[in-house]
1. Across the stretch 251-263, which residue is farthest from the chain's Cα centre (by Cα) among those that are part of a helix (DSSP H, G or I) and touching a residue at least 40 places away in the same chain (Cβ under 8 Å)?
2. Does Ala299 meet the test of being assigned by TED's automatic domain parsing to the domain that holds Lys193, over 25 Å from Leu361 (Cα atoms) and at pLDDT 90 or above?
3. Among (1) surrounded by 12 or more Cβ atoms within 10 Å (Cβ to Cβ); (2) out of contact with any strand residue (DSSP E or B) (no Cβ under 7 Å at 6 or more places or on another chain); (3) small (Gly, Ala, Ser); (4) assigned to a helix (DSSP H, G or I), which single condition is Ala95 missing?
4. Run Glu198 past the list (1) closer than 26 Å to Thr177 by Cβ; (2) touching a residue at least 40 places away in the same chain (Cβ under 8 Å) and report the number of the one that doesn't hold.
5. Residues of the stretch 191-238 being buried (at least 18 other Cβ atoms within 10 Å of the Cβ), at pLDDT 95 or above and of a type in the set (S, T, N, Q), which ones?
6. Can you tell me how many residues in the stretch 58-75 are surrounded by 13 or more Cβ atoms within 10 Å (Cβ to Cβ) and either touching a His at 6+ places or on another chain (Cβ under 8 Å) or among the β-branched types (Val, Ile, Thr) (or both)?
7. Of all residues in the stretch 153-167, count the ones that are more than 20 Å from Ile121 (Cα to Cα) and either among the acidic types (Asp, Glu) or crowded, with 16+ Cβ neighbours inside 10 Å (or both).
8. Which ones in the stretch 295-320 are under 18 Å from Thr177 (Cβ atoms) and among the basic types (Lys, Arg)?
Amino acid sequence: MRKGIKFRAYPNSEQQNLINQTLGCCRLIYNKGLAMRNDAYENGQKVNYTQTCAMLTALKKTGQFSFLKEVDSMSLQQSLRDLDRAFQNFFQKRARHPQFKSKHNHTQSYRTINQGNNIRIVGKYLKLPKIGYLKIRQSMEVGMIRHAVVTKTASGKYFVTLNADFEPDGCCPDPDTAVGIDVGIKEFYTDSKGHVVENPKHLEKSMRKLVKEQRSLSRKQPGSNNREKQRMKVAAVHERICNQRNDFLQKQSTMLIRENQTICIEDLHVKGMIRNHRLAQSIASVSWSRFFTMLEYKAAWYGNTIIRIPTTYPSSQTCSCCGFKNPIVKNLAVRKWSCPVCNTVHNRDTNAAVNILNKGLAIA
């Protein structure tokens, strides 16, 4: 199987200039290819990937764009491949029409392919085409490298993501173990076994510092060096929040995959839930969708089963003992309730998790 492994990179000044030049050239070629396709469409013609590659070859031969020869040629071709894939997604209605890339976007990246072992790790360095030996902070072993993505973040840091082959480490929980997960805002999730994981609220805890830095940014003169320095401080706060959230989600999803063979979750329409302006920030901060995505791709790695329960299933209102549906529990303020039929006292979230598990096993 394959997975992406992300390392922090520490380029010297010469390598930084070359990386920034490569980012600019890839952006230029992408925009040239997009303009070529748009013009052809207006004239009732079609342009494919091969024709855009011919355009790239012609540009390199002109004196005005001779600087394209100074950067990695594979990265330029991959920009055109990305453009072709963007149009395929657009025609198949998976994405909107491709947009022109802007140099004002503070997060930039380019992709290059490993050909002839030109991308490899040598000690504490990563060999990249044209860049040379780039110092990295390697946190794990890497298998056969397929391609690499070099990214410059909004905070000015550089990262390299390697798409490499790997063998799953044989995570084999008991095949009879199954758990239901009920996610929330106050508690990140409650499972059918009664375990409760609190929401760490990384955004809320850093909000005071974030507001302070954003207010300072708003007072800086547009276009000044001080504004750029302050913008990077704001970006660093956002980056720290993102890293904390990802670390938490990775650890929780890995723990669930290692301990349970079958995991039942709700098929939540998070995009629609965010339209509630009172809960939008909290729902976005807790990242349910990303958590479910992590569970799904890790389950594919290790052979676990993820079962999604329909959104319309009343997991919180149904008694997990006798099946009575209590409409009063529809009010979110009700955290504990007693079933009028069997007199069982339920915790709202634990009861919902048990119902999710039972429904999931019934569907399977």
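1. Glu259
2. Details: assigned by TED's automatic domain parsing to the domain that holds Lys193: yes; over 25 Å from Leu361 (Cα atoms): no; at pLDDT 90 or above: yes.
In short, no.
3. Exception for Ala95: condition (4).
4. Of (1) closer than 26 Å to Thr177 by Cβ; (2) touching a residue at least 40 places away in the same chain (Cβ under 8 Å), only one is false for Glu198: (2).
5. Gln230 - this is the single residue of the stretch 191-238 that is buried (at least 18 other Cβ atoms within 10 Å of the Cβ), at pLDDT 95 or above and of a type in the set (S, T, N, Q).
6. The total comes to 1.
7. Qualifying residue count, the stretch 153-167: 3.
8. Residue satisfying the conditions is Lys298 alone.
The values are calculated or read from the model by the stated rules, or taken from the named source; none is laboratory data. Keep in mind the model is a prediction, meaning the values are calculated, not measured. Neighbour counts are summed over all protein chains in view; Cβ atoms, including those assigned to glycine, are modelled from backbone coordinates with ideal geometry.
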